[in-house]
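The values are calculated or read from the model by the stated rules, or taken from the named source; none is laboratory data. This structure is a prediction, so every number in the text was calculated from the model and none was measured. Don't worry about glycine lacking a Cβ; one is built from the backbone with ideal geometry, like all the others, and counts go over all protein chains shown. Areas reflect the complete protein model, heavy atoms only, side chains present, ligands, DNA and RNA absent. Shrake-Rupley method; radii C 1.70, N 1.55, O 1.52, S 1.80 Å.
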Amino acid sequence: MLPFGLPKTDHLEPTIEPHLKPIQLVETLADLYRRLGTCLESEKSLICIEQYSILSSLGDPKLLRRCLRAARQHAFDVHSKVVLSALLRYERREDEHDGVSPMDCSSFILECPKATLESGCDLNSIYDHCKCYQECTNSADAQISKDDELLTLEEDSDISFCVGNEEIDCVRSKIAALSAPFKAMLCGSFIESKSSKIDFSQNGISVELMKAVDLYSRTKRVDMFSPKIVLELLSFAERFCCEEMKSACDIHLATFVNCMEDVLVLIEYGLEDRANVLVASCLQVLLRELPSSLHSPKVMRIFCSSEARERLASAGHASFLLYYFLSQVAMEEDMVSNTTVMLLERLKECATLKWQKALALHQLGCVWLERLEYKSAQYYFEAATEADHVYSLAGIARSRYKQGQQHSAYKLMNTLISEYKAAGWMYQERSLYNTGEDKIADLNTATELDPTLSFPYKYRAVSKAEKKQTKDAISEIDRIIQFKLSPDCLELRAWFFIAIEDFGSALRDIRAMLTLEPSYKMFNVRLSGDDLIDLLNHKVQQGSQADCWLQLYDQWSSIDDIGSLAIIHQMLVNDPWKSLLRFRQSLLLLRLNCKKAAMRCLQLACNLSSSEHEKLIYEGWILYDTGHREEALAKAEKSILIQRSFEALFLKAYTLSDSNLNPESSSYVIELLEEAIRCPSDGLRKGQALNNLGSKYVDSGKLDQAANCYMSALEIKHTKAHQGLARVYSLRNQQKAAYAELSKLIEKAHNNASAYENRSEYCDSEMAKNDLNMATELDPLRTYPYSYRAAVLMDDQKETEAIEELSKAIAFKPDLQMLHLRAAFYESTGNLNSALCDCEAALCLEPDHIDTLDLYNRARDQAIHPQQI
């Protein structure tokens, strides 16, 4: 069962993150906010991309999506709009949705393939539906008949162009109007201005093309020609500087680009003749086909070489933004591929601003490090450091260490720690070059400064396993798994369980790991998870599908999300086409904050749905989770028209609840939930609906009805209802009962950090402090405990300690509410500059946060008019 043995500490090391990682994140975010407020409109889109690149290290999909939407909102040129729309589509993993082609319109302006090909934007309507949503195609445009064309030729012609033995009769003034060269030739001092016949036989122009030129000169239309003739017209226009004709051909040809085959034929013509819109249309298909288009050699030839970049540039389509998108996808697909290296090289060539150069150089360093080319990695990390990216010093240290220069690496990290404000990653990196107790001390300091770093937990766990303290190793790795789920930590814990022959727990972790990342390769790519599952299945008794449902009910009730994921994974092996199971997966993954995996499961549920009303529900959840609340509501209503099912009614109620409801609307939500509960469903979902209904009753002041809902939910083992019932007791001034109710939740729940946090509201200050300390120990990402402790310190007039408590959490999680609270503390102590900085950083994360805007304006007024304080 341990074909490669257990992992060794000598083989463990953290990755150098391929992101911009500012040494002073809060100050950097504040600077971005100020620049967004003072820059030109044309500069805003690129600043939003800079913000995206900085926030990427935080891994919050909601924040990143907001940055991309803002960048797209402020993009004016066609190229930027094409790239950003495709990037938004890629972030939603739209390519994984069955029946969706790359050029399908999502009905929103932000991602509409037609809207991207129009320059300029309307900032007021950017979140509206696009024209495709309402457009009724009208093809009743009058067409010029062939007889009319011939008649026009006979009546108006006053000059002939000879091509071979044929003469094409034209109108001199019309041809002259096509371009300045033609005007000079036909109406200037050239001999042709006196001629009625002009020989064009030596210009490589066909009779059909010249006839098309004549017809275009009279009608200014190209839609009556075949694509072949329009391509010839495009080349003619480029050759003879006919800008209006070129634009007409360019725009018309762009309408023929719908699939990869079209792109590979037409993009060469577009690049040769520098047809901006045609190339944009081709790029749009290529980018909206990512990541699959990345694996086509023909496609990569369009992007990868320096010559290819120059050709794109000549057509106005080589940019830092384009290569940023391409290189990020390439790194996700295969960090060490030649394609990734070439795209990053092109990214470096396109970089003009310091942050762009730092990003490209740092990422090149990361890729060369992964390719084990340590001298090259060191070169690029050093170049990134020269571009003021301090985090790249960690890359330099690692590169030196890999070349046998351990002492040099240690000295470099020592200097870094002494010169800058301490951060967890600094001590983590130095621990690699330290030994014995000093190494463990560095790892402990790293965890204290940034508990989200997984390497210290993994190293300590493996170190204990090497000493045959396997149960202690499991306890150590549990510390991070309980608040931050990742495939590598689950894999490590699975090996530990195998070592103590707890094969059931090992199988659970492997199944959960594969739910997060189905293609994950274990033990440094030497073993697949599916192969290990096959081995473990011989050691663990397998239950039937009915047994699995019973187990899922128990795991869900005890809030054991990892156990629930594992059971659903097993059920999907037996019934892979079950959309309901994929939907349950997505709910669990969202609860575990694994948003990317959750979206993938929702897409699969949508693909596997067996009916239209079911598919509409999953589409509604996808829209809701990506910020399209109104559209999600429309999907729910459409599903309800087909069938008034539990899930459709629940989706509508949930979506309506996500707003400030007036009493009438709140009553309607209650009606929807009551009807949903009467519909057929299983206990797991019905318990959730009862819990939500209880919450609505509490908000409406109907405490008896709320208590009945929570009691009913508890009867069907919806354990979280203890929390709602505690709230009812508290509102009845029964604090001891509320405390006891949450104590029951703590006893039953596998993941109980939130229960400790909630219980702190129903006890004295000392007990509350203990509960909140426990909540932080179990899940340091929960922000309320820091805010509470800071507020208590502030009440005790310990301003410095209060600010330090918040700063401790902000250092690894720059949360909006904590930044706002620290800004308020700074304001109250008269430190207005720090208050303004925190406000600006918070507004960079959430520009419309009203309380922070009020605080910001107040602090700014005080800074400007101190005498009025």
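A few comments on the model shown:
- Pairs, first in contact (Cβ under 8 Å) with a residue 12 or more places away in the chain in segment 609-627, second basic (Lys, Arg) and assigned to a helix (DSSP H, G or I), C-beta under 6 Å, six or more apart: Ser609/Lys615; Leu616/Lys635; Leu616/Lys638; Glu619/Lys635; Gly620/Lys635
- Residue in segment 215-231 that is open to solvent by 60 Å² or more (accessible area, probe 1.4 Å), in a helix (DSSP H, G or I), at pLDDT 90 or above and aromatic (Phe, Trp, Tyr) present: no
- Pairs where the first residue, in segment 192-205, is closer than 13 Å to Ile175 by Cβ and the second is surrounded by 15 or more Cβ atoms within 10 Å (Cβ to Cβ) and among the charged types (D, E, K, R), C-beta under 6 Å, 6+ apart: Ile198/Glu192
- Entry remark, segment 337-348: residues being out of contact with any Phe, Trp or Tyr (no Cβ under 9 Å at 6 or more places or on another chain) and either of a type in the set (A, V, I, L, M, F, W, C) or part of a loop (DSSP other than H, G, I, E, B) (or both) number 1 in total.
- Selection status of Met300, modelled with pLDDT of 90 or more, open to solvent by 10 Å² or more (accessible area, probe 1.4 Å) and in a loop (DSSP other than H, G, I, E, B): no
- Neighbours by Cβ (under 8 Å, 6+ apart or cross-chain): first from segment 666-678, under 14 Å from Ile640 (Cα atoms); second of a type in the set (S, T, N, Q): Leu673/Asn692
- Comparison of Tyr433, Tyr420 shows that the only residue that is crowded, with 23+ Cβ neighbours inside 10 Å and in contact (Cβ under 8 Å) with a residue 12 or more places away in the chain is Tyr433.
- Positions within segment 241-277 being under 18 Å from Lys174 (Cα atoms) and open to solvent by less than 40 Å² (accessible area, probe 1.4 Å), in sequence order: Cys242, Met245, Lys246, Ala248, Cys249
- Taking the listed residues Leu853, Leu778, Leu821, the one that is farther than 21 Å from Ala422 by Cα, in the same structural domain as Ala753 (by the TED database), of a type in the set (A, V, I, L, M) and open to solvent by 30 Å² or more (accessible area, probe 1.4 Å) is Leu778, with no other qualifying.
- Residue ID - nearest to Leu294 (Cα to Cα), chosen from residues in segment 331-381 that are more than 21 Å from the chain's Cα centre (by Cα) and of a type in the set (Phe, Trp, Tyr): Trp368
- Test result for Ala546, hydrophobic (A, V, I, L, M, F, W, C) and in contact with a helix residue (DSSP H, G or I) (Cβ under 6 Å, 6 or more places away or on another chain): no
- Residue ranges of helices (runs of 4 or more DSSP H) in segment 602-704 with at least 2 members among the small types (Gly, Ala, Ser): 629-642, 646-657, 663-678, 683-699
- Residue check, Ser645 polar (S, T, N, Q) and over 30 Å from Ala546 (Cα atoms): no
- In segment 721-770, the residues that are within 19 Å of Gln688 (Cα to Cα) and among the basic types (Lys, Arg): Arg727, Lys744, Lys748
- Pair list, Cβ under 6 Å, 6 or more apart: segment 535-562 residue at positive phi and part of a loop (DSSP other than H, G, I, E, B), other residue aliphatic (A, V, I, L, M) and buried (at least 18 other Cβ atoms within 10 Å of the Cβ): Ile559/Ala749
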